[in-house]
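Mind looking over this structure? Questions follow.
The values are calculated or read from the model by the stated rules, or taken from the named source; none is laboratory data. Since the structure is predicted, the reported quantities are computational estimates derived from the model, not experimental observations. Heads up, the Cβs are rebuilt from the backbone with ideal geometry, glycines too, and the neighbour counts pull from every protein chain shown.
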Amino acid sequence: MKFSWKKLNKPILALAPMAGITDSAFRQLCRSFGSDVVYTEMTSIDALHYGSEKTIKMLKFKPKEQPIIIQLFGKQPELVKKAVELVEQAGFDGIDLNFGCPARKVVAHEGGVTLLRNLNLAHEIVQAVCEATKLPVSVKTRTSINNKNKKGKITVLDFIDKIKDLPVKALMLHGRSYEQGFSREVDFEIIKETKRKFKGIVLGNGGLNTPEDIKAMLDKTKVDGVGLARGLYGKPWFFKQVGDYLQTGKYKSLTLNQIKKIALKHAKLLYKEKGQQGMFEIRKHLTWYFKSFPHASEWRKKLVLVESIKELEKILAKIK
């Protein structure tokens, strides 16, 4: 069945795109715990256009991950067509465009959130994707960015005005400016104004670390749902807790044994997908899974050196 943002039950609980995190293994876990839709890691339009083998491998996913949105980034509209063809062939349900990434490497090449400083180019990129595909197109961005001369700023509202002639179906808004990074207070007012102004689906994002945070975001802004990101570090089950809390006003914490089982499942999925590379990648997740338990720091020192599933099983068996 063809994917439609408007057909999803509200509030929509989405796995937001995170580089180095939202690979197939993590997406599978999040879907199993109740996420309504998942996003991929940032995927380069340029790399797809030029046939990067590593990037093309990122297009693989399991049917159980659907609905799945691929997030693309790039600043050359002329390269969009070939990239979109590969995305469609892979079977994705939608395409998201990154106008929000604040990472130094991306910003240095005037990509991500810095594209807001060139609204004409931003429009060209969105238009090129919309014209190249029948898939629903969405955008992820931030509240604002200062002009290069720091006199005034460009806001998400300016961006919405610029793309109002294009059929963008959804917008995920991180409630902080580029300059605020990830640590400042989320601006509920501009998210609320964005919901009023944008005709499609709006997902709030940023500072969502507890089920109470999600309810506050929904209540204060009236958005259609949320995109969960850093609040999921070491707890893909967060989706179930949020769903339970929104329905009943209550949610349960997991036991240590339950967390151990999930961590092991995550490791096995990563190993199946990526082989030995997966065992290196699971290490950061393991430090997040085991953060707040007695003697956690001692166990984490061992977990960051794990090299095989058997070794991980032995360590987990000893954690009490």
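Looking at region 111-158, what strands (runs of 3 or more DSSP E) fall wholly within it and have at least 1 residues that are surrounded by fewer than 20 Cβ atoms within 10 Å (Cβ to Cβ) and in the same structural domain as Ala90 (by TED's automatic domain parsing)?
144-146, 153-155
Of all residues in region 270-295 being of a type outside the set (Gly, Ala, Ser), out of contact with any Phe, Trp or Tyr (no Cβ under 6 Å at 6 or more places or on another chain) and assigned to a loop (DSSP other than H, G, I, E, B), which is modelled with the highest pLDDT?
Lys291
Filter the helices (runs of 4 or more DSSP H) completely within region 1-101 down to those with at least 2 residues that are under 23 Å from Gly231 (Cβ atoms), assigned by TED's automatic domain parsing to the domain that holds Gln241 and among the small types (Gly, Ala, Ser).
Passing ranges, in order: 24-32.
Let me spell it out: the conditions are (1) surrounded by 19 or more Cβ atoms within 10 Å (Cβ to Cβ); (2) assigned by TED's automatic domain parsing to the domain that holds Ile12; (3) part of a helix (DSSP H, G or I), and Asp244 meets all of them except one. Which number is the exception?
Answer for Asp244: the failing condition is (1).
Please work out which residue is nearest to Gly278 (Cα to Cα), limiting yourself to region 296-320 and to residues that are of a type in the set (A, V, I, L, M) and assigned to a helix (DSSP H, G or I).
Ile309
Further question on the same structure: What single numbered condition from (1) more than 22 Å from the chain's Cα centre (by Cα); (2) on the phi < 0 side of the Ramachandran plot; (3) among the small types (Gly, Ala, Ser) fails to hold for Gly278?
Going through (1) more than 22 Å from the chain's Cα centre (by Cα); (2) on the phi < 0 side of the Ramachandran plot; (3) among the small types (Gly, Ala, Ser) one by one, Gly278 breaks only (1).
Could you tell me whether Leu218 is assigned by TED's automatic domain parsing to the domain that holds Ala122, without any contact (Cβ under 8 Å) to a residue 24 or more places away in the chain and surrounded by 14 or more Cβ atoms within 10 Å (Cβ to Cβ)?
Here the answer is no, as Leu218 does not meet what is asked.
Exactly one of these conditions fails for Trp288: (1) in contact with a helix residue (DSSP H, G or I) (Cβ under 8 Å, 6 or more places away or on another chain); (2) within 29 Å of Pro211 (Cβ to Cβ). Give me its number.
(1)
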